[in-house]
Amino acid sequence: MLFQKNIHLQKKDKNMINKTIAALLPYMPQKFVWIFSKRYVAGETLDDAINACKELNGRGIKITLDVLGEFIKTLDEAEQNKNEYLHVIETKEKNNIDGNYSLKPTMFGLLIDKEVCYRHIRDIVKKAAEYNIFVRVDMEDTQCTDMEIELFRKLKKEFPKNVGLVVQAYLKRTLPDLTALLDLNSSEIPLNYRLCKGIYNEPKELAYKQYEEINQHYLEDLEFLLKNKVYVGIATHDKPLVDGAYKLIEKYNVPKNMYEFQMLLGVTPELRKSITDKGHTMRVYVPYGTKWFAYCTRRLKENPKMAGMIIKALFKRG
């Protein structure tokens, strides 16, 4: 009993240390943070991202390509981001990459001028549609939720096969939102969602906070989507959720062309391999760009265990 208590205290101390490092990391030199970041980011350039995509494709894994950046301050930045995405589309298609695109609406001015944002994203979706490729509209924090659903509805009507949305299981509004959006679903052109847990720090009035209740609602949302014949990207690195997804796929006899699993670059590669070994489609989120610092410090806050890996990496480098 004493031995087990000591083990518990050691784990608690280790977790506290990891959380402390995670909290301090945003204030540390970027070269230091890159030791962590390179696990999660393809690189700063589009060439870096294309190379990462080719490597994943070579292992039978699809990708979704994302230019890092969000919550811009000027509409000039929005214009620049749109032009970069148009360049990304042309470059990716020339390289015959098997994958699609993800984008965050705040990167195109959602919180500055939502009509300008819509026009920029419409231009991107239109370009992707010329190649019969798909664009995923990411869901951000709750100040954006209604606007992003509205944006998705408008794009879906014009480009029914070429646009999808992210939904977050930790939000208490998600299941009602999914129900309200069913009017857009059809057997010919199903709705297409990425279902993730959610990462933003929302108040308890809006979001479930405990691990068990978030997982419970994730599986409830997933079951709702599968039984209503909505295409779903099952985005998780949590083995209990993967196992729960397997059971639901079997329960509803879901064909393989109506779902896929999705993971972030660099996260739980062993679990990812176990999923692909079972013959399920896997898609990996491949982010790149010069705005990697904010993205990666957020990743570390989500997963403080990575702090220990950073320290180990430092000692290995001498």
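Only one residue in 182, 222 is of a type in the set (A, V, I, L, M), open to solvent by 20 Å² or more (accessible area, probe 1.4 Å) and part of a helix (DSSP H, G or I). Which one? Before the answer, list the steps.
Details: 222 fails: open to solvent by 20 Å² or more (accessible area, probe 1.4 Å).
The unique qualifying residue is 182.
Count, please, the residues in the range 255-281 that happen to be assigned to a loop (DSSP other than H, G, I, E, B) and of a type in the set (S, T, N, Q). If you could, list the steps in order and put the result at the bottom.
Residues of the range 255-281 that are assigned to a loop (DSSP other than H, G, I, E, B), as a first pass: 255, 265-268, 278-281.
This time we only want the ones that are of a type in the set (S, T, N, Q), so: 268, 281.
Summing the residues that are assigned to a loop (DSSP other than H, G, I, E, B) and of a type in the set (S, T, N, Q) in the range 255-281 gives 2.
Counting only residues that are in contact with a helix residue (DSSP H, G or I) (Cβ under 6 Å, 6 or more places away or on another chain) and among the aliphatic types (A, V, I, L, M), which one in the range 272-294 is surrounded by the most Cβ atoms within 10 Å (Cβ to Cβ)?
286
Can you pull out every residue in the range 82-132 that is part of a helix (DSSP H, G or I), open to solvent by less than 30 Å² (accessible area, probe 1.4 Å), in contact (Cβ under 8 Å) with a residue 40 or more places away in the chain and over 15 Å from residue 163 (Cβ atoms)?
82, 88, 91, 92, 107, 116
So in the range 208-219, with the set limited to residues that are at pLDDT 95 or above and part of a helix (DSSP H, G or I), which one is least open to solvent (accessible area, probe 1.4 Å)?
218
Identify, from the list 55, 79, the residue that is open to solvent by 50 Å² or more (accessible area, probe 1.4 Å) and in contact (Cβ under 8 Å) with a residue 12 or more places away in the chain.
Working: 55 fails: in contact (Cβ under 8 Å) with a residue 12 or more places away in the chain.
Every option except 79 fails the conditions.
Contact list please: Cβ distance under 9 Å, first residue in the range 190-207 and surrounded by fewer than 20 Cβ atoms within 10 Å (Cβ to Cβ), second residue acidic (Asp, Glu) and not in a loop (DSSP other than H, G, I, E, B), pairs at least six apart or on different chains.
From residues that are surrounded by fewer than 20 Cβ atoms within 10 Å (Cβ to Cβ), the pairs are 199/302.
The values are calculated or read from the model by the stated rules, or taken from the named source; none is laboratory data. The structure presented is a predicted model; accordingly, all values stated were derived computationally and were not measured. Note: ideal-geometry Cβ built from the backbone for every residue, glycine included; neighbour counts use all protein chains shown. Note: accessible area is taken over every heavy atom of the protein model, side chains too, but ligands, DNA and RNA are not part of it. Shrake-Rupley method; radii C 1.70, N 1.55, O 1.52, S 1.80 Å.
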